[in-house]
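Reviewing the structure listed below.
The values are calculated or read from the model by the stated rules, or taken from the named source; none is laboratory data. Since the model is a prediction, treat every value here as computed from it, not as a measurement. Neighbour counts run over all protein chains shown; Cβ positions are idealised from the backbone, glycine included. Keep in mind that these areas ignore ligands, DNA and RNA; they rest on the heavy atoms of the full protein, side chains included. Shrake-Rupley method; radii C 1.70, N 1.55, O 1.52, S 1.80 Å.
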Amino acid sequence: MTSPSASNGVTDAIWKLFASIQLTIALLLSLAATSVVGTLIPQNADPAAYISAYGETLFRFFWVLGLFDMYHSWWFQVLMVMLAANVIVCSADRIYAQRRILLVRRPRFQAERFRKLPEREAFEDDRPPSELQGLYAPVFAKRLSAVQVEPTDAGFLMFAESGRWTRFGVYAVHFSVVLLLVGGLIGSLFGFDGFVNIREGDTVQQITLRGSGERLHLPFAIRCNDFSVSFYETGAPKEFRSSLTLLENDREVLQKDIIVNDPLRYQGISIFQSSYGSVPSEEAVLSFTSQATGMIYRREARIGGDIVLPENLGVFVLRELRHNAMFRGRSVGDAFIGTLTPPEGEPEEIILPVRFPTFDRMRRGAVVIAVDEFKERFYTGLQVNRDPGVWVVYAGFILMLLGCYVTFFTSHRQVCVEAVRRGAKTRVSVTGAANKNKPALMRRMKQLSQALKESTSP
Amino acid sequence: MTSSLILSSVTFIYGFAGVLYIFAWVFRKPAVGRLGTGAALIGLIGNAAGFILRWVESYQLGFGRAPLSNLYESLIFYALCITLVYLAVERRTANRVIGAFSMPLAFLAMAYASLSPNISDRIQPLIPALKSNWLIAHVVTCFLGYAAFAVAFGVSLMYIFKRQAEPSRGGQMPPVETLDELTHQLVVFGFLFLSAGIITGAVWANSAWGRYWGWDPKETWSLITWFIYAALLHARLTRGWRGRRIAYLSVLGFAAVLFTYFGVNLLPGLHSYQSTGP
Ligand code: HEM
């Protein structure tokens, strides 16, 4: 393999190395082997978690090798860049070496080469070659390109070909690999990837970037009008829906409901539904049932606020909302925690599980307290990102699939028909060559010779 | 569910087909091999019928969706693809020994789906993350690719076996050159579909989560598989890498397929079929 740019020894050697398929195999298998490591070691976790899992020494060792963010480590990137260089150099080298096959307008046929080919179909015809030539020309023209005719002593030779362009299929595949890497690079240089949690009713303009944890100011603000989650009867989630409004300088510019798989896109920035949660509600409506009179008193309570109960039952203070509260070692789910201070006696801690309104009866106190109304306030978890490289990547995807199809299932074929007059008959033989997929070539040759046999003057 | 019933009987039909193919090969009874083909065909029809019926049943339950959304359903579809690819190969090569190395794989996929206590055959509605038109494109392309790799694995085993066995056993197999060529063609087919599977997955991830690639373990393992088969295709283009080494690479590639499919659920990530979040 030589190339026009390889002028001296060292560049020549480097060029040769990067033009070799051995390097390709080595690189592909190395990428496969090293990628395994990153799936065994959880990526981008907390350093403290790593130290407790692997110990101090191993942690340092892994850290130096970049194994905790392996796919962005320098050595993994070097492997990828080498693969890209390998593809580019190898393709350039081969296109240069094959330029006389790939880039000619009018291919030259050599009759001798075709006469030696084993792949052939033959038949006899009563009509003379001169007549057949006129009949065959349109059959050829219909199916093939670059048709050429050459007279011989006792007849004629007719050549044609198809699918020369398919030889470029493999270079399309290789170029697509370069597009994928370039698209990825554009994304990581000029894009961002962040997330933000917005409570219902709130408006935010800053998001947190993944990885670095830095804050980013968006060119617009996002308001979450409403979040809802619905469930199937089985209890599995059915839909997560956020109603969002985008604002520029306090002016509403866009309003859309987003669900998983249906994001919002504005000014090149995409907003995706990615998670949700509920924020501890500050308020609840509590009911106080006096055991002495049977009267029920309903009161709105806020965390931290105190309620003076009628009938001299004491003072109640709502302290906090506890997720997964425990009672005697059992979980009772979300529960409010409060303190009841009777007129005489010690303050008492009260647990009010949201799901069990009769829970407090167990205490057998003078007043039974229950959570009557409790409105959860959701926040929506949004993924916010911008990736200007995605179109380059998508172009690479399409090119790769088309290129693979062309490379694997199409071929460059050449056929040669020779007609020779022998006595009262004309002997016609059809031979062909293809750069791959010989069975398909044989089928095409059969079809062609059938069409030639049946060709009659109009 | 009627579909589950049909599908469990398909398990036994596939197992029976595999036994017939192996019997025909070991005891050199071509007639038994033809019976094997019959059984495989009946199994295929039952498999397809069960698949379609399950689709219909999901509509009757009120949340119609393609039956491609959990481990049970994907295994059913995988067995369908393997049998389909194998029967196509049998038609082209007119050799039934390949069946002895392929149909047991279809049987194992079905058996794992029907018999494993950890796999539920209940028809569940789709969780939000799976509600996408890309789901069908992604699963169909991936599993056609995996199926071609499975049959390629069987053919590669035959290659390795034939190279080592005494001629009498290997004699009914196609010549090693044909096995080598067949492995290549199946890998080519699988590679095209695996590429399409990874690409549709990436496009889907981009429309659901806003990133086409996130190095999550399932994604990474599919890429590892892709690297191995890409290496195989290139290895075949250089001299000295025909035959046995290609067969070993094909076995390695199929091991990676299996890990992508099953092993990854042991690792943390978004893709495992049990996950419920978006
Ligand atoms: C991930 C990256 C790559 C992919 C996906 C890829 C894909 C392909 C495919 C699908 C083929 C056709 C194989 C066949 O016909 O069986 C091919 C052929 C080839 N590839 Fe690659 N390739 C990659 C990287 C490379 C690299 C780095 C080189 C550099 C040496 C290379 C050199 C070749 C050559 C020389 C051929 C044969 C072309 C021919 O038949 O004329 N490939 N490649």
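Among residues of region A:372-415 being away from chain B (no Cβ under 14 Å), part of a strand (DSSP E or B) and touching a helix residue (DSSP H, G or I) at 6+ places or on another chain (Cβ under 9 Å), the one that is farthest from A:SER162 (Cα to Cα) is A:VAL415. Scanning region A:24-76 for residues that are within 16 Å of the ligand (Cβ to nearest atom) and over 18 Å from A:ASN86 (Cβ atoms) returns a single hit, A:TYR71.
Pick out the one residue from A:ILE350, A:ILE258 that is of a type in the set (A, V, I, L, M), assigned to a strand (DSSP E or B) and not assigned by TED's automatic domain parsing to the domain that holds A:ALA221.
Being of a type in the set (A, V, I, L, M), assigned to a strand (DSSP E or B) and not assigned by TED's automatic domain parsing to the domain that holds A:ALA221 holds for just one of A:ILE350, A:ILE258, which is A:ILE350.
Number of residues in region B:45-66 that are at pLDDT 85 or above and not in a helix (DSSP H, G or I): the value is 0.
Scanning region B:172-204 for residues that are farther than 30 Å from A:ASP387 by Cβ, touching a residue at least 24 places away in the same chain (Cβ under 8 Å) and more than 13 Å from the ligand (Cβ to nearest atom) yields B:GLN172, B:MET173, B:PRO174, B:VAL176, B:THR178, B:LEU179, B:LEU182. For region A:276-308: of the residues being among the small types (Gly, Ala, Ser) and over 29 Å from A:SER228 (Cα atoms), which is surrounded by the most Cβ atoms within 10 Å (Cβ to Cβ)? For region A:276-308, the residue satisfying everything is A:SER290. The conditions of being without any contact (Cβ under 8 Å) to a residue 60 or more places away in the chain, touching a strand residue (DSSP E or B) at 6+ places or on another chain (Cβ under 8 Å) and either more than 10 Å from chain B (Cβ to nearest Cβ) or of a type in the set (S, T, N, Q) (or both) are met by A:VAL253. Across region A:262-283, the number of residues qualifying as of a type in the set (Asp, Glu) and at pLDDT below 85 comes to 2. The set of residues in region B:126-176 that are touching a Pro at 6+ places or on another chain (Cβ under 9 Å), assigned to a helix (DSSP H, G or I) and open to solvent by 20 Å² or more (accessible area, probe 1.4 Å) contains only B:LYS162.
Among the residues examined, A:PHE76 qualifies as of a type in the set (Phe, Trp, Tyr) and within 14 Å of another protein chain (Cβ to nearest Cβ). Here A:LYS16 meets each of (1) within 13 Å of another protein chain (Cβ to nearest Cβ); (2) surrounded by 15 or more Cβ atoms within 10 Å (Cβ to Cβ) with one exception, condition (1). Criterion applied to A:TYR96, A:TYR136 was being more than 16 Å from the ligand (Cβ to nearest atom), modelled with pLDDT of 90 or more, of a type outside the set (S, T, N, Q) and in a helix (DSSP H, G or I), and the one residue passing it is A:TYR136. Where helices (runs of 4 or more DSSP H) fall wholly inside region A:21-64, the ranges with 3 or more residues that are of a type in the set (S, T, N, Q) and at the interface with chain B (Cβ under 10 Å from one of its Cβ atoms) are A:21-40.
Among A:SER275, A:SER188, which is the only one that is within 14 Å of another protein chain (Cβ to nearest Cβ), among the hydroxyl-bearing types (Ser, Thr, Tyr), closer than 26 Å to A:TYR394 by Cβ and more than 16 Å from the ligand (Cβ to nearest atom)?
A:SER188
Taking the conditions (1) buried (at least 19 other Cβ atoms within 10 Å of the Cβ); (2) more than 28 Å from B:SER207 (Cα to Cα) in turn, B:LEU35 satisfies each one other than (1). The single condition among (1) surrounded by fewer than 21 Cβ atoms within 10 Å (Cβ to Cβ); (2) in a loop (DSSP other than H, G, I, E, B); (3) within 14 Å of chain A (Cβ to nearest Cβ) that B:ILE119 does not meet is (3).
Scanning region A:223-246 for residues that are over 13 Å from A:ILE271 (Cα atoms), open to solvent by less than 20 Å² (accessible area, probe 1.4 Å) and either away from chain B (no Cβ under 12 Å) or in contact with a Lys or Arg (Cβ under 9 Å, 6 or more places away or on another chain) (or both) gives a single hit, A:PHE227. Checked against the criterion of being within 16 Å of the chain's Cα centre (by Cα), away from the ligand (no atom under 12 Å from the Cβ) and open to solvent by 10 Å² or more (accessible area, probe 1.4 Å), the candidates B:SER222, B:SER207 yield just one match: B:SER222. Among the criteria (1) open to solvent by 70 Å² or more (accessible area, probe 1.4 Å); (2) farther than 30 Å from A:ASN435 by Cβ; (3) within 16 Å of the ligand (Cβ to nearest atom), the one A:ASN197 does not fulfil is (3).
The residues in region B:27-44 that are assigned to a helix (DSSP H, G or I) and in contact (Cβ under 8 Å) with a residue 24 or more places away in the chain can be counted, and the count is 11. With respect to (1) touching a residue at least 40 places away in the same chain (Cβ under 8 Å); (2) in contact with a Phe, Trp or Tyr (Cβ under 8 Å, 6 or more places away or on another chain); (3) under 29 Å from B:SER250 (Cβ atoms); (4) surrounded by 17 or more Cβ atoms within 10 Å (Cβ to Cβ), the lone exception for B:ALA109 is condition (1). Among the candidates B:TYR212, B:TYR248, B:TYR229, the residue that is open to solvent by 30 Å² or more (accessible area, probe 1.4 Å), hydroxyl-bearing (Ser, Thr, Tyr) and either more than 8 Å from chain A (Cβ to nearest Cβ) or within 15 Å of the ligand (Cβ to nearest atom) (or both) is uniquely B:TYR248. Residues satisfying the criterion are present in region A:211-218 (criterion: in a strand (DSSP E or B), loosely packed, with under 15 Cβ neighbours inside 10 Å, touching a Ser or Thr at 6+ places or on another chain (Cβ under 8 Å) and more than 14 Å from chain B (Cβ to nearest Cβ)). Counting only residues that are open to solvent by 60 Å² or more (accessible area, probe 1.4 Å) and without any contact (Cβ under 8 Å) to a residue 40 or more places away in the chain, which one in region A:258-271 is nearest to the other protein chains (Cβ to nearest Cβ)? Only one residue tops the list, namely A:ASP262.
Provide a single number: the residues in region B:55-84 that are in contact with a Ser or Thr (Cβ under 7 Å, 6 or more places away or on another chain), under 22 Å from B:LEU41 (Cβ atoms) and not β-branched (Val, Ile, Thr). Quick ask: steps written out before the conclusion?
Of region B:55-84, the ones in contact with a Ser or Thr (Cβ under 7 Å, 6 or more places away or on another chain) are B:57, B:64-65, B:67-68, B:72, B:82.
Keeping just the survivors that are under 22 Å from B:LEU41 (Cβ atoms) gives B:67, B:82.
Now restrict to residues that are not β-branched (Val, Ile, Thr): B:67.
Here the count works out to 1.
Reported count of residues in region A:85-105, each being surrounded by 19 or more Cβ atoms within 10 Å (Cβ to Cβ) and touching a Leu at 6+ places or on another chain (Cβ under 8 Å), is 1.
Would you confirm whether any residue within region B:38-54 is of a type in the set (S, T, N, Q) and touching a helix residue (DSSP H, G or I) at 6+ places or on another chain (Cβ under 9 Å)? The answer is yes; a qualifying residue exists.
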